[in-house]
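Novice: Below is the structure I would like to discuss, written out as structure tokens.
The values are calculated or read from the model by the stated rules, or taken from the named source; none is laboratory data. Everything quoted here is computed from the prediction, not taken from an experiment. When we count neighbours, we look across all protein chains shown, and the Cβ atoms used for this are built from the backbone with ideal geometry, even at glycine.
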């Protein structure tokens, strides 16, 4: 059976036609942007009217790749990009130095989760981070040390760095739309782990909590690492006392301090 015979239909495919356009005569007509095939015309694809198409593509590309890799579920790690690694702690600001132990805790947790994931041939419990530095790097690093794969969901920012070196290369994705990126964080999530962080971490945490609170997402283990940090940053009790959330909403998450406590909480779920 030839490659052509394996196709699901007898029609010429897009790859063949793109190759054919490279062999056409050079004329004023063929040089015109209007003559380009629409799906390989970058200027056309970037037009404002094509935003819905770009949204769909950004949803589909990671979805299809993860499906092809057989990844069924993930354990999501959110946390600050500025949390220093042991190698960089000497240059960190004092406040961040105090948070440095969370890098190692995220690393240890991700390593332990990935060891479990390997028992499923890497299809379940795959570590998923934002692909950047700090806590994200720690998560991907722990997975790499365990000999497993991990996902990185980067996003283009004016000051953004390249993906950290521990993300599995063909599971390293880049996004334009925050909304689509956050969908991919949660679509396969078996557990959500929140480490200390800044605006981005708070945004991700509250979006996920809101989806669970409103029944738009099933409940999963929702673990906040570092009770002292979170109770200092957010006055949860004040929200309940004011009535802006139900007291039962405080049961949507739990505090843990160590990788072992987090694993135990997941096992007890």
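Novice: Quick one: in region 163-203, of everything that is assigned to a strand (DSSP E or B) and out of contact with any helix residue (DSSP H, G or I) (no Cβ under 6 Å at 6 or more places or on another chain), which residue is farthest from residue 269 (Cα to Cα)? It would help to see each step written out before you state the result.
Specialist: First, pick out the residues of region 163-203 that are assigned to a strand (DSSP E or B): 172-175, 189-194.
The next check asks that each one be out of contact with any helix residue (DSSP H, G or I) (no Cβ under 6 Å at 6 or more places or on another chain); those that pass are 172, 174, 189-190, 193.
On the way: 172: 30, 174: 32, 189: 14, 190: 11, 193: 14 Å.
Among residues in region 163-203 that are assigned to a strand (DSSP E or B) and out of contact with any helix residue (DSSP H, G or I) (no Cβ under 6 Å at 6 or more places or on another chain), the one farthest from residue 269 (Cα to Cα) is 174.
Novice: Can you name the condition, by its number, that residue 217 falls short on among (1) farther than 21 Å from residue 113 by Cβ; (2) surrounded by 17 or more Cβ atoms within 10 Å (Cβ to Cβ); (3) without any contact (Cβ under 8 Å) to a residue 40 or more places away in the chain?
Specialist: (1)
Novice: Kindly list the number of the only condition in (1) out of contact with any strand residue (DSSP E or B) (no Cβ under 8 Å at 6 or more places or on another chain); (2) touching a residue at least 60 places away in the same chain (Cβ under 8 Å); (3) within 14 Å of residue 75 (Cβ to Cβ) that fails for residue 267.
Specialist: Result: residue 267 passes all but (2).
Novice: Every residue in region 192-201 that is exposed (fewer than 15 other Cβ atoms within 10 Å of the Cβ) and either free of Cβ contacts under 8 Å to residues at least 60 places away in the same chain or under 14 Å from the mean Cα position of the chain (by Cα) (or both), please.
Specialist: Within region 192-201, just 199 meets the criteria.
Novice: Give just the number: which of (1) in contact (Cβ under 8 Å) with a residue 40 or more places away in the chain; (2) surrounded by fewer than 24 Cβ atoms within 10 Å (Cβ to Cβ); (3) in contact with a helix residue (DSSP H, G or I) (Cβ under 7 Å, 6 or more places away or on another chain) does residue 127 not satisfy?
Specialist: In the conditions (1) in contact (Cβ under 8 Å) with a residue 40 or more places away in the chain; (2) surrounded by fewer than 24 Cβ atoms within 10 Å (Cβ to Cβ); (3) in contact with a helix residue (DSSP H, G or I) (Cβ under 7 Å, 6 or more places away or on another chain), residue 127 misses (2) alone.
Novice: Next question. Go through region 79-112 and give me each residue that's under 19 Å from residue 229 (Cα atoms) and part of a loop (DSSP other than H, G, I, E, B).
Specialist: If the condition is that a residue be under 19 Å from residue 229 (Cα atoms) and part of a loop (DSSP other than H, G, I, E, B), then 79, 80, 81, 82, 83, 84, 85, 92, 93, 100 are the ones that fit.
Novice: Here's something else I'd like to know. I'm trying to understand the selection: among the residues of region 9-59, which are more than 30 Å from residue 177 (Cβ to Cβ) and part of a loop (DSSP other than H, G, I, E, B)?
Specialist: Correct list: 9, 10, 11, 12, 22, 23, 24, 25, 26, 27, 32.
Novice: So, of the residues in region 210-221 that are outside any loop (DSSP other than H, G, I, E, B) and touching a helix residue (DSSP H, G or I) at 6+ places or on another chain (Cβ under 6 Å), which turns out to be nearest to residue 249 (Cα to Cα)?
Specialist: Residues of region 210-221 outside any loop (DSSP other than H, G, I, E, B): 210-213.
Narrowing the set further to residues that are touching a helix residue (DSSP H, G or I) at 6+ places or on another chain (Cβ under 6 Å) leaves 212-213.
Details: 212: 10, 213: 7 Å.
The residue in question is 213.
Novice: Further question: If you scan region 139-162, which residues turn out to be assigned to a loop (DSSP other than H, G, I, E, B) and either within 20 Å of residue 192 (Cα to Cα) or at pLDDT 95 or above (or both)? So that I can check it myself, show each step before the final result.
Specialist: Our first condition is that a residue be assigned to a loop (DSSP other than H, G, I, E, B); within region 139-162, this holds for 146-149, 156-162.
The answer is 146, 147, 148, 149.
Novice: What's the number of the condition residue 124 fails, among (1) under 15 Å from residue 77 (Cβ atoms); (2) in contact with a strand residue (DSSP E or B) (Cβ under 8 Å, 6 or more places away or on another chain)?
Specialist: Exception for residue 124: condition (1).
Novice: Let me ask something else. Could you please let me know if residue 101 is surrounded by fewer than 12 Cβ atoms within 10 Å (Cβ to Cβ), out of contact with any strand residue (DSSP E or B) (no Cβ under 8 Å at 6 or more places or on another chain) and either over 22 Å from residue 170 (Cβ atoms) or in the same structural domain as residue 204 (by TED's automatic domain parsing) (or both)?
Specialist: Numbers: surrounded by fewer than 12 Cβ atoms within 10 Å (Cβ to Cβ): no; out of contact with any strand residue (DSSP E or B) (no Cβ under 8 Å at 6 or more places or on another chain): yes; either over 22 Å from residue 170 (Cβ atoms) or in the same structural domain as residue 204 (by TED's automatic domain parsing) (or both): yes.
So residue 101 fails the test.
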